[in-house]
1. Is there any pair with a first residue in the range A:468-487 that is within 14 Å of chain B (Cβ to nearest Cβ) and closer than 18 Å to A:Ile436 by Cα and a second that is small (Gly, Ala, Ser) and not in a helix (DSSP H, G or I) whose Cβ atoms are under 6 Å apart and which are 6 or more apart or on different chains, and what are they?
2. Does any residue in the range B:457-476 that is at the interface with chain A (Cβ under 9 Å from one of its Cβ atoms) come within less than 6 Å, Cβ to Cβ, of a residue that is of a type in the set (A, V, I, L, M) and assigned to a loop (DSSP other than H, G, I, E, B) six or more places away or on a different chain, and which pairs are these?
3. Among the residues of the range B:352-374, what is the count of those that are touching a residue at least 40 places away in the same chain (Cβ under 8 Å) and either more than 8 Å from chain A (Cβ to nearest Cβ) or part of a loop (DSSP other than H, G, I, E, B) (or both)?
4. Taking the condition of being closer than 22 Å to B:Ser475 by Cβ and buried (at least 20 other Cβ atoms within 10 Å of the Cβ), how many residues in the range B:560-576 meet it?
5. For the range A:391-402, give me the residue count where each residue is buried (at least 23 other Cβ atoms within 10 Å of the Cβ), within 7 Å of another protein chain (Cβ to nearest Cβ) and not aliphatic (A, V, I, L, M).
6. Looking at (1) in the same structural domain as A:Ile58 (by TED's automatic domain parsing); (2) surrounded by fewer than 15 Cβ atoms within 10 Å (Cβ to Cβ), which is the only condition A:Ser175 fails?
7. Can you name the residue in the range A:367-390 that is part of a loop (DSSP other than H, G, I, E, B) and facing chain B (nearest Cβ under 7 Å) and, of all such residues, is surrounded by the most Cβ atoms within 10 Å (Cβ to Cβ)?
8. Just checking, how many residues over the range A:496-515 are in contact (Cβ under 8 Å) with a residue 60 or more places away in the chain and closer than 22 Å to A:Ile417 by Cβ?
Amino acid sequence: MANVQNGSTGDLPSEILQALSQKDTILSTETFPSIKSTDLKGALDRLASRSMIAYETIDREEPVLEAEALQIAENGSHEARVWEALSKKMEGLTVAELEAAVGDKSVVKVGQGKAFKLKWIEKGKDGRLVKLADSIDDTAREHLQVIQKTKTYPDPKVITDLKKRKLLKMQKVISFKIQKGPKFALEIAKEETDLTADMLASGAWKTATFKPYNFKSLGADQNAGALHPLNKVRHEFRQIFFEMGFEEMPTNKYVETGFWNFDALFVPQQHPARDLQDTFYISDPKTADKPHAEDANDKGEYESYWKNVQEVHQKGKYGSIGYRYPWAEDESLRLVLRTHTTAISTAMLHKLALKKGPDGRPPPARYFSIDRVFRNESVDATHLAEFHQVEGVIADYGLSLGGLMEFMEIFFHKMGIEDLRFKPAYNPYTEPSMEIFSFHKGLNKLVEIGNSGMFRPEMLEAMGLPKDMRVFGWGLSLERPTMIKYKVNNIRELLGHKVDLSFIERNPAVRLEKT
Amino acid sequence: MPTISVDKAELYKALGQEYTTEGFETLCFEFGIELDEDTSNTERPIVNGKQEPAQLKIEIPANRYDMLCFEGIALMLNIFREKTPLPNYRLVTPKSGKLETITVHPDTMKVRPYVSGAILRNIKFTQENYDSFISLQDKLHQNLARNRTLVAIGTHDLDTIKGPFTYEALPPKDIKFKPLNQTKEMTGEEMMTFYEKDKHLGKFLNIIRDKPVYPVILDSKRTVCSMPPIINSDHSKITLDTRNVFIDITATDRTKLEIVNNIIVAMFSQYCAEPFTIEPVEVISKHNSESRQVPDISPRKATAEVDYINACCGLTETPERICSLLTKMCYSATPSNTDANIINVSVPPTRADVLHQCDIMEDVAIAYGFNNLPRTAPSKASTIAQPLMVNKLGDIVRMEAAMAGWSEVMPLILCSHDENFAWLNRKDDGSTAVRLANPKTAEYQIVRTSLLPGMLKTIRENKKHSVPIKVFEVSDVAFKEESLERKSRNERHFAAAFYSKTSGFEVVHGLLDRVLLMLKTAFLTHEEGLKGDEKLEFKGDAEGKGDGYWIEEIDEPTFFQGHAAAIWLRLGGKQARIGEFGILHPSVLEKFELRYPVSTLEINLEVFL
């Protein structure tokens, strides 16, 4: 607390209250001239927070005497001291005698020169210094004395001049104008910071004084837990899918085979996506099995499916001329980290082909998944080797492109995205393929927000799905809309171990429909 | 997707119309290509004292090999805009009536079995179309030809060589010629060294380097024309003055061989004195029954069903109208005389991407305009929404952990082998982790088998955060599993880590208790539980004991001795160790560069399904 000086009792707040009890308004410069302003402020704040006083802070600059000026104010200017010493000896003094009389060589050195110039002294016949003027005005001393006392001078020129002579410097001074507050009293009542059970029990709350709450600061930290922002967006997407009748697919399989990830999707074996540059292959375990049933309930016809896929690639089938290249089983049995969750959609559609609805045909279905996929990418601000794919599949009879576009309007509307545009695109397993664009107001351009299409008959008929069952598929990454929405520029700030925990803790709840 | 740069003024001239950038963008959008950049207002390089004219950089979808050059883009857009009909490509035999021949030797089977060719007569090159000709070959090499592995193209000034030609495969040391733009002759062997460091050609050497014989095209005087897929000879190189071009095409893929041939001749025969005429070549290849006349530029006859097209597009167009829409996409189509539901479609030689009537259907939709198609209800059937149970379970645990004051993290699934094993003082028994064959960095060597490395790395990257740091993750790890088709299985784990100046051992323990309580699992004191079996399998077991979990002290090098426990679960009379928790061993902390103690918890959630 206050380090009170000058005979204070050590209780500065009390002193302030005492002073105020005698005077409505006090100035700290007058009442507490020698107390540090920081100490004073501490005491004032304590009283002000209890409304016992009110105060204003006065900032001003005042001239302060330098060491040399202090000497001048006390003893006179150098030239005046030389004149005075000489005026005491009519016969004058030698320089050495003068120095002895003044007691300071440097004062004599500077002072005699000035005194000569002012014609206060002269050289006598024998070379001694003698006084010339009968009386002098030591204006410098007078000025400094005034300034020392009043902290100012009526003629500002004087201060400017003394500053130039390096006798004065300006110093910032904080002082306070203090007045009584509404709860002024001489005694500081004990203030309670909180209402406690004890006070309720004893009734002390009725008489206690409570410290005012600081409404300008934040409340106490909650040490709250938090969900990851990407998972919060994932939750929103998942809700949208559930609202629209979609079943979640079992995407808990990171390792896939070339067959499910590519061949079954009618992606030819020489397709660039299958390059080592783009796909992670697995070295251990070495190779996959041919597709086969993995549980007793699975009655899938895997052998014929495998043959169908081979044939449609190699020679063509189902009205397709195929890619016409020698299809290699080994390539199909290579293990990969799935490059898309469409590998799972394919397996789901293959299972759907076996199901029988009320009319004996595979029933309409809606599937979705949101899960991690892997690409052997060079890492940069927008690419990681892993990201999340949001995928939806609708299988039904008599679907048309207009239906796919209408569905996309509804789906994206739920995320606050309107006015979609569809662009023809190419994808080996969908035909038609449509890129979905939306006008982004912030970026002032059309941005691609997803990919969609109808799966190719070569893919669906090989599974045994009826020719008139058509299947929409669409996909988008989870990271991209999240990055656009939360203005994250680097994907590494969103996914992976480099994500800032404070970002996770402070990211607001996600409401995709709010733009 | 390949991006093609074309001269903007030249393209608009070819289109017979000036476009604003936005206007051209819209045209591209409707057609299904993408204007990447218009360089009109950007700083362009100055070549030979002349600033490069404004370019349009256009992204072409991967299936449109016929649009990988200026000529193709201009032609396809003009057909789309109904300004030009589809050119009528014609094969013209020379007056002599005798075709040039390429005789194939059986040894080529050992290295590059297929060859094709064509001749463009009386061509007139300008600097622009010459550059475009070279650039198209580059683009085809890069894309369709998979960096020359599948197909390679060589072009020659026919007036410098003389047929009949042979396609042979010779030992590298027996091949000797002056490669394109070089001054001295080299053998095939020498070229492998000479081009080793070549930025452009170096990457193709591997295609044939280790073969006993290299493919080579020779003329009747045994002059080497090219050594595919590496380089042509300097002797027969084409120049601006070349009038007659001999094209050789070699391949390992028979289908793509002819696609490439068709594209090249279709694009550049327009510069022949008689536009769109091509002189065919006779390939004599008896040993593999590949003797034939090439190229075959006759359109492919296909049929498409009117009701299929209308149904997919949501239209009710007549066969005639569908045929006229298809003209815009460079087909010629006519309604069938015999079946009102069928249209006969001629697929031009340039459209090798058309495999099925679905491709024709898409082109009808594009010609109609995707955004003009009538909208219909998305689907008629009602389906039942259903979450995946393991995700539902995982979400319950995530919510409980967050409600208990822990923050969720999402590290990567791939990690280094050391992070997963050695750094955790764990041994790889070789039958646990899935290993990647071709990662670009050591960060991605295996699929994690534990959630701990990712969480510890997350803490390492967040050391500036105030302590305690309390993080958790619910996600999959993967294990090898030989009995499954994919030889691997995922397992859903829950893990948490506490990082502070004190270990937080009991905090992590408390989180375990809390989560298991929420999963309706009672805590059993150790005496109630049975002595643990190290196997991670449920075991049939003593009757009369209730379901629940208990913990048993373990001594494993991952953890600080005396401060780690295995978590055991008994459900339906079966019991298994489902995970462990403890204070990490200081040597583990050191590996992950962590200054304060860390307690972790990791359990398998799938037992609760």
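1. A:Val471/A:Ala395; A:Trp474/A:Gly392; A:Trp474/A:Gly450; A:Trp474/A:Ser452
2. Here the result reads B:Thr458/B:Val409; B:Val471/B:Val409; B:Glu473/B:Val409; B:Glu473/B:Leu451, each pair linking the range B:457-476 to a residue that is of a type in the set (A, V, I, L, M) and assigned to a loop (DSSP other than H, G, I, E, B).
3. Of the residues in that region, 10 qualify.
4. 2
5. Counting residues in the range A:391-402 that are buried (at least 23 other Cβ atoms within 10 Å of the Cβ), within 7 Å of another protein chain (Cβ to nearest Cβ) and not aliphatic (A, V, I, L, M) gives 1.
6. Condition (2) is where A:Ser175 drops out.
7. So, considering only residues that are part of a loop (DSSP other than H, G, I, E, B) and facing chain B (nearest Cβ under 7 Å), the one surrounded by the most Cβ atoms within 10 Å (Cβ to Cβ) is A:Ala385.
8. Summing the residues that are in contact (Cβ under 8 Å) with a residue 60 or more places away in the chain and closer than 22 Å to A:Ile417 by Cβ in the range A:496-515 gives 8.
The values are calculated or read from the model by the stated rules, or taken from the named source; none is laboratory data. All of these numbers come straight from a predicted model, not from anything done at the bench. Positions of Cβ are backbone-derived with ideal geometry, glycine not excepted, and every protein chain shown enters the neighbour counts.
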